[in-house]
Amino acid sequence: METEMTKERARMQELIETLNRASKAYYAGNTEIMSNFEYDALYDELVSLEKKTGIVLSGSPTVNVGFESVDYLPKERHEKPMLSLDKTKDREELRDWLGDAKGLLSWKLDGLTVVLTYENGTLVKALTRGNGIEGEVITANARTFENIPASIPFKGRLVLRGEAVIKYSDFNRINEQLEEEAAEAGKIEDVTYKNPRNLCSGSVRQLSSAVTARRHVNLFPFALVSAVNEDGTPVDFENSREKQFQFLTSQGFEVVQHFLVDKDTILDRIAWFEEAIKKNDVPSDGLVLLLEDIAYGESLGMTAKFPRNAIAFKWADETAETILRDVEWSASRTGLINPVAVFDPVQLEGTTVRRASVHNVSIVRQLKLGIGDTISVFKANMIIPQIAQNLTKSGTLEIPSTCPVCGAKTHIQKDNESEVLVCENPDCPAKAIKSFTNFVSRPAMNIDGLSEASLEKFLGRGFLHEFADIYHLSDYRDEIVEMDGFGAKSYENLISAIDASRHTTLRRVLTALGIPGIGSAGARLLCQHYQNSLAPMLAAGSEELSKIDGIGPVLAGNFTAYFRDEKKRASFERLMKELTIDTEDATVQTAAAGEGASPDPVAGKTFVITGSLNHFDNRDALKELIEDHGGKVSGSVSKKTAYLINNDLTSTSGKNKKAKELNIPIISEDDFLAMLGKEA
């Protein structure tokens, strides 16, 4: 049941994210995504909630938490030793362990255990688990955790234990960013992290808290160690672990998800967790059962290794034997070629599994794989398909000597302790993910549903070599439908979007090619000058092109150099055979027509856009319309600005002030649309 405190905490978190996003846009990108009035109102609401609850969450704009760097992490002893838990994989055994008592069943989170100490409502110390006796002091790093309160209403001394984790969604985003940076730097190595737990462990123990802050670490308390009032008396939790969790929630913590169970309900609740793990964004590797009765649990004492008041439940890995039919080698943007096992379909954890990553050459050799081998497969943590063992061990699988995407030679190289397969071709299309991403983007071919992740998969499988290949993805229907993240419906939607993009404009095509400096604005200028006629545009030399207002010698040189390249010219011609070029909107033709045409009120004028929008999905959409009518869009107000578009005409933002100083008209979206003769 959602409590009032839970609702208030969720609203505070929402406000923090919104306000911080607005601040980042303004200070880092000189972009306003909300008016000052709206920002102040949300800020005041946050302050009011913080005063009401006594909670200030980390990351709140009402406090400034500076980053700290240290030369090393000092160690300190824990108040109470931290022991491991005894384990079982048998559900009936877990029920028998509980007996007639009541317990709290929760996730066993897969991260790094951290102990937090609060005094007088403020976080004063954070320790890692370490060896259970002493841990490393990471107080500055803990203050950057995304979901823990920087201050709490309780003014006594509170000590708690929680699991620091990095969510799967954040983990994947960090790895994608690392791959992108590696590709741009020309690195040929595996730069990604293997799992969220390893990344979290390294992130929590950084010497610079600024690094920790970038890793999106969350902490979920799973145990209250002690809570002592200001007068020295312990807080009375009525001998209930559940009451302890409720207390921690009231202080602003997101405690680990848990349920009260007994011998009659525990098996059903385990089944609930078993289903929930499939969509859970927080890494876990099992469950924990803790006795609800505090005194009874502590009276049981402990063994030499384990406390007797709690036990861990590990998922019993469901395995299935199958036949290895193929190993696909998939190239990535960094040049690594990764093996993926393809086998006869088997049922695991309620789903059909046909594929499993083998990671690298070292694992292929360790498993002694060969086509036709009998293998045993399972889902790690009930989620990720993996090969458990190879029962045949033929060792006959050949490591490919050529890249599956470009056909260039490959070689095996050492990457830390592993061997990886690498494509030697610096121009391999698999490394060209950014050019394909630009091609399908909204200002270019506008192919909805063809994400960067999907493009990378298609490139890695060898489906794409040049832009024209996008229009032949239907040749790989069976493979695409079976790919992770796809299915029959997703495939049909994708093909429909691709087919819809065949009818396009020359301006979009030129934007999509990725010619250096020739974006949507440059393509528009070229199309206007040559009346959307491709032949004279391609026949023009750089000197002629450079005379076009807004093009200049550099862009003209880039344009002519692109089409002088025989490979690029041939690829472009193959692309054009897939497309039907439509006539541009009449307003564009009018803007470019010159004599005899009705003057477009936007043509030749410079606009600045700020604040939130009502009629357009985003600023790019409004910018595109302005450019379609021959106008320009700038990021800052100057004497060259004709109009500032801002729906909040009374805003006291910097751009509004500058516009008023320079006597530049401030108009709303409705005013702009009326200028074009369009209804809002």
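Being among the β-branched types (Val, Ile, Thr) and under 23 Å from Asn280 (Cβ atoms) is the requirement here; does Thr352 meet it? When the stated conditions are applied, Thr352 passes them.
The residues of segment 21-35 that are open to solvent by 60 Å² or more (accessible area, probe 1.4 Å) and either modelled with pLDDT under 75 or more than 18 Å from Arg619 (Cα to Cα) (or both), listed by number, are Lys24, Tyr26, Tyr27, Ala28, Asn30, Ile33.
For segment 270-295, filtered to residues that are among the charged types (D, E, K, R) and farther than 30 Å from Pro234 by Cα, the residue that is most open to solvent (accessible area, probe 1.4 Å) is Lys279. In segment 93-107, is there at least one residue being over 26 Å from Phe273 (Cα atoms) and open to solvent by 30 Å² or more (accessible area, probe 1.4 Å)? Within segment 93-107, none of the residues are over 26 Å from Phe273 (Cα atoms) and open to solvent by 30 Å² or more (accessible area, probe 1.4 Å).
Residues that are open to solvent by less than 50 Å² (accessible area, probe 1.4 Å), assigned to a loop (DSSP other than H, G, I, E, B) and within 20 Å of Gln251 (Cα to Cα) within segment 115-139 comprise just one, Gly121. Listed by first and then second residue, the pairs linking a residue in segment 286-311 that is on the phi > 0 side of the Ramachandran plot to a residue that is at pLDDT below 90 and hydrophobic (A, V, I, L, M, F, W, C), with Cβ atoms under 9 Å apart and 6 or more places separating them unless they lie on different chains, are Gly286/Trp315.
Could you tell me whether Ile515 is assigned to a helix (DSSP H, G or I) and touching a residue at least 40 places away in the same chain (Cβ under 8 Å)?
The answer is no for Ile515.
Which one is farthest from Ser435 (Cα to Cα), of the residues in segment 518-541 that are in contact with an Asp or Glu (Cβ under 8 Å, 6 or more places away or on another chain) and open to solvent by 30 Å² or more (accessible area, probe 1.4 Å)? Filtering first and then ranking leaves Asn532. Those strands (runs of 3 or more DSSP E) of segment 597-680 in which at least 1 residues are at pLDDT 85 or above, closer than 24 Å to Leu525 by Cα and open to solvent by less than 30 Å² (accessible area, probe 1.4 Å), considering only elements entirely within it, cover 606-609, 643-645. For segment 213-230, the condition holds for no residue, the condition being that it is modelled with pLDDT under 90, part of a helix (DSSP H, G or I), within 30 Å of Glu419 (Cβ to Cβ) and open to solvent by less than 40 Å² (accessible area, probe 1.4 Å).
Please state which one of Thr303, Thr351, Thr319 is within 30 Å of Leu464 (Cβ to Cβ) and of a type outside the set (A, V, I, L, M, F, W, C). Before the answer, list the steps.
Numbers: Thr303 fails: within 30 Å of Leu464 (Cβ to Cβ); Thr319 fails: within 30 Å of Leu464 (Cβ to Cβ).
The match here is Thr351.
Summed over segment 493-517, the residues that are modelled with pLDDT of 90 or more, among the aliphatic types (A, V, I, L, M) and buried (at least 18 other Cβ atoms within 10 Å of the Cβ) give a count of 7. Pairs meeting the criteria (first residue in segment 487-501 and without any contact (Cβ under 8 Å) to a residue 24 or more places away in the chain, second residue open to solvent by 50 Å² or more (accessible area, probe 1.4 Å), beta carbons under 8 Å, at least 6 apart or on different chains) are Tyr491/Arg477; Ile495/Ser474.
If I filter segment 49-80 down to residues being of a type in the set (S, T, N, Q) and open to solvent by 70 Å² or more (accessible area, probe 1.4 Å), which single residue comes out as modelled with the lowest pLDDT? By that ranking, first place goes to Asn64. Consider segment 151-169 and keep the residues that are more than 19 Å from Thr113 (Cβ to Cβ) and of a type outside the set (A, V, I, L, M, F, W, C). The one that is least open to solvent (accessible area, probe 1.4 Å) is Gly156. For Cys406, the conditions (1) over 28 Å from Tyr168 (Cβ atoms); (2) among the hydrophobic types (A, V, I, L, M, F, W, C); (3) under 27 Å from the mean Cα position of the chain (by Cα) all hold with the exception of (3).
Listed here are the residues, each with its yes/no results for (1) under 24 Å from Arg507 (Cβ atoms); (2) part of a helix (DSSP H, G or I).
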residue	(1), (2)
Ile447	yes, no
Leu450	yes, no
Ser454	no, yes
Leu459	no, yes
Leu464	yes, no
Ala468	yes, yes
Asp478	no, yes
Asp484	no, no
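Taking the criterion of being of a type in the set (A, V, I, L, M, F, W, C) and surrounded by fewer than 19 Cβ atoms within 10 Å (Cβ to Cβ), the only residue of segment 542-552 that qualifies is Ile548.
Within segment 148-161, residues that are over 11 Å from Glu230 (Cβ atoms) and touching a residue at least 40 places away in the same chain (Cβ under 8 Å) have Cβ atoms under 8 Å from residues that are open to solvent by 50 Å² or more (accessible area, probe 1.4 Å) and of a type in the set (Lys, Arg) in these pairs: Ala150/Arg143, counting only partners at least 6 apart in sequence or on another chain.
The values are calculated or read from the model by the stated rules, or taken from the named source; none is laboratory data. All values reported here derive from a predicted model rather than from experimental measurement. Note that each Cβ is placed from the backbone with ideal geometry, even for glycine, and that neighbours are counted across all protein chains shown. The area values use the complete protein model at the heavy-atom level, side chains included, leaving out ligands, DNA and RNA. Shrake-Rupley method; radii C 1.70, N 1.55, O 1.52, S 1.80 Å.
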